[in-house]
1. Name the one entry in Thr87, Thr82, Thr50 that is without any contact (Cβ under 8 Å) to a residue 12 or more places away in the chain and either within 15 Å of Thr102 (Cα to Cα) or β-branched (Val, Ile, Thr) (or both).
2. Limited to segment 26-40, what total is found for residues that are within 17 Å of Ile101 (Cα to Cα) and crowded, with 18+ Cβ neighbours inside 10 Å?
3. What residue, among those in segment 54-99 that are surrounded by 16 or more Cβ atoms within 10 Å (Cβ to Cβ) and touching a helix residue (DSSP H, G or I) at 6+ places or on another chain (Cβ under 6 Å), is nearest to Gly35 (Cα to Cα)?
4. Can you tell me how many residues in segment 44-74 are over 16 Å from Pro4 (Cβ atoms), touching a strand residue (DSSP E or B) at 6+ places or on another chain (Cβ under 9 Å) and not in a strand (DSSP E or B)?
5. All but one of (1) farther than 13 Å from Leu3 by Cα; (2) without any contact (Cβ under 8 Å) to a residue 40 or more places away in the chain hold for Gly77; state the number of the condition that does not hold.
6. Looking only at segment 35-47, count every residue that is without any contact (Cβ under 8 Å) to a residue 24 or more places away in the chain and among the hydrophobic types (A, V, I, L, M, F, W, C) and tell me the total.
7. Kindly indicate whether any position in segment 96-108 is in a loop (DSSP other than H, G, I, E, B), under 22 Å from Leu3 (Cα atoms) and free of Cβ contacts under 8 Å to residues at least 40 places away in the same chain.
8. Kindly provide the set of residues from segment 6-25 that are of a type outside the set (S, T, N, Q), outside any helix (DSSP H, G or I) and surrounded by 12 or more Cβ atoms within 10 Å (Cβ to Cβ), ordered by number.
Amino acid sequence: MKLPENTLIAAEKLTQYLLVLRKRHDKSRWLSRAGYTLENWQLLEEDLRTQILSLNAILTENTKYGQMYEIRGTLAGPNGRTLAVCTMWMTETATGETKFITMYPDKESKNDV
């Protein structure tokens, strides 16, 4: 199943979490391998929409807050390097809106180049 094109990807999720160096569970170094930085965070949002959101989503869990979906794929960064990613999305029960939750390396994939 495809998630809606108007799925929300909060800028704060990218600029204050994924692309910021963290002591624990840092993803910024991993994303920088493909050329994603705080300075070009809009490229990450655009690439999530065009390269990942266009893929099939798999329902992983129903919670009281909403339905959780997973999309696995390959993200080609601005420097041409690709990352195998696993992304999580949720369609909220209260609002019906679908939003981006997080992403991390897809350790099951052999596509991370």
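1. Unique residue meeting the criteria: Thr50.
2. 2
3. By that ranking, first place goes to Leu75.
4. 5
5. So the condition that Gly77 fails would be (2).
6. The total comes to 1.
7. yes
8. Those that are of a type outside the set (S, T, N, Q), outside any helix (DSSP H, G or I) and surrounded by 12 or more Cβ atoms within 10 Å (Cβ to Cβ): Leu8, Ile9, Ala10, Leu19, Val20.
Any read-out appearing in this document is the output of simple, stated calculations on the displayed coordinates, not a laboratory observation. Keep in mind that what you see is a predicted model, and the values were worked out from it rather than measured. Reconstructed Cβ throughout: ideal geometry from the backbone, glycine too, with neighbour counts over all protein chains shown.
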